[in-house]
Amino acid sequence: MDRSLVPRSEGTLTVGMFHHTADTALFESQLEALLAGRIAVSGMQVVTALKGGEALPAGALWITFDDAYGDFLEVAWPVLERKGLPVTQFVATDFVGSNPSMFWWDRLESAFEGSTKSRIVLPLAGGGTQNLQVAGTASQAHKSARTEIKRFPHGEAMAIVEQVIESLGVSNPISKHRVLSWDELESLHGCGMEVGVHTRSHAMLDRIPAERVEEEIAGGLEDLKARFADVLPVLAYPSGQFDLGVMRVAEHLGMEAALTVDNGINRMGSLNPFEIRRVPIGPFADASAVRLRMLLGRLLGKR
Ligand SMILES: [Zn+2]
């Protein structure tokens, strides 16, 4: 093993961030790369340590999933369960059981994939428009559109999603993904999966009025508490969007910590609990891509 890839310093917290998993063997090798020289911990252990309780073991690794997609149950869970690894799922409660997925980016993706248009006009958040090529580059075009749309205030962004779908000429885009149902989540929770807060509607919290931030976080928490005896008091910021106001509201509502989507490995000593970085792992990343991400995360974590 390459020693340079093993964290030597104590007091680091690596948080793996998954959304989708595509394949059992690939997911196993992703976990292997994440776990090399590290010890898996639960979200509750992290919360306890952040509150000044028992410290985390050296090289702690927390495995997190966002959005509760169906492939978690089919691909990831059997592996995690077999290996006895703790995991936390962050659930946006409005979307539980949506089959096909009604998340805006999933609908947008299938609209891009199903479109026969060669180009569309994409409004830009900084003003003006972009003539976006679609034909032959649907997946790239979807990514660019998604990134640009996230720059708008949330309400406007959702209107642009509908406008873009219409201009792609796909009247009812059907996502290839689904979101787990309450029954499925309950049975996973019963088997040890932790559940954390990801708001109700997955609104970008720094792009909505302040009073809605509270509704979104408190509402998401309330929906989860109605189903689960114990909800992890941690928020994953939808789309990783947050600002100081959002952090304060989360803390005020009883959250003990919050997760960003910024790549980085955290050092417990100097960590702001409402700005925890993660290491994003895509469904098709192989072990060396995961190691590279973590190496990058260690560099970024030092900032
Ligand atoms: Zn999400």
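The values are calculated or read from the model by the stated rules, or taken from the named source; none is laboratory data. Just so it is clear, the model here is predicted, and its values are computed rather than measured. When we count neighbours, we look across all protein chains shown, and the Cβ atoms used for this are built from the backbone with ideal geometry, even at glycine.
The table below gives the values:
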{"read-out": "Residue that is surrounded by the fewest Cβ atoms within 10 Å (Cβ to Cβ) [pool: residues in segment 209-237 that are more than 14 Å from Ala250 (Cβ to Cβ) and within 16 Å of the ligand (Cβ to nearest atom)]", "value": "Asp223"}
{"read-out": "Wholly enclosed strands (runs of 3 or more DSSP E) of segment 184-302 bearing at least 2 residues within 24 Å of Ser29 (Cα to Cα)", "value": "257-263, 276-281"}
{"read-out": "Cross-chain or 6+ apart pairs with Cβ under 8 Å, segment 176-201 first and in contact (Cβ under 8 Å) with a residue 12 or more places away in the chain and at positive phi, then surrounded by fewer than 20 Cβ atoms within 10 Å (Cβ to Cβ) and acidic (Asp, Glu)", "value": "Gly192/Glu81"}
{"read-out": "Test result for Leu34, out of contact with any Ser or Thr (no Cβ under 9 Å at 6 or more places or on another chain) and either under 24 Å from Ser288 (Cα atoms) or surrounded by fewer than 15 Cβ atoms within 10 Å (Cβ to Cβ) (or both)", "value": "no"}
{"read-out": "Neighbours by Cβ (under 7 Å, 6+ apart or cross-chain): first from segment 96-110, within 21 Å of Phe228 (Cβ to Cβ) and within 14 Å of the ligand (Cβ to nearest atom); second assigned to a loop (DSSP other than H, G, I, E, B) and not charged (D, E, K, R)", "value": "Val96/Ala68; Val96/Leu180; Val96/Ser181"}
{"read-out": "Hey, Arg248 over 20 Å from the mean Cα position of the chain (by Cα), more than 21 Å from His19 (Cβ to Cβ), touching a residue at least 40 places away in the same chain (Cβ under 8 Å) and in the same structural domain as Gly53 (by TED's automatic domain parsing) or not", "value": "no"}
{"read-out": "Residue list for segment 170-193, restricted to those being in contact with a strand residue (DSSP E or B) (Cβ under 9 Å, 6 or more places away or on another chain) and more than 16 Å from the ligand (Cβ to nearest atom)", "value": "Leu188, His189, Met193"}
{"read-out": "Residue in segment 167-177 that is closer than 27 Å to Val15 by Cβ, part of a helix (DSSP H, G or I) and modelled with pLDDT of 95 or more present", "value": "no"}
{"read-out": "Qualifying positions in segment 63-98 - outside any strand (DSSP E or B), of a type in the set (D, E, K, R) and crowded, with 24+ Cβ neighbours inside 10 Å", "value": "Asp67"}
{"read-out": "Selection from segment 64-79 of residues that are away from the ligand (no atom under 16 Å from the Cβ) and touching a residue at least 24 places away in the same chain (Cβ under 8 Å)", "value": "Leu73, Val75, Trp77, Pro78, Val79"}
{"read-out": "Any hit, segment 243-254, residues being buried (at least 21 other Cβ atoms within 10 Å of the Cβ), within 16 Å of the ligand (Cβ to nearest atom), on the phi < 0 side of the Ramachandran plot and not β-branched (Val, Ile, Thr)", "value": "yes"}
{"read-out": "Residue list for segment 103-157, filter: among the hydroxyl-bearing types (Ser, Thr, Tyr), assigned to a helix (DSSP H, G or I) and surrounded by fewer than 19 Cβ atoms within 10 Å (Cβ to Cβ)", "value": "Ser139, Ser144, Thr147"}
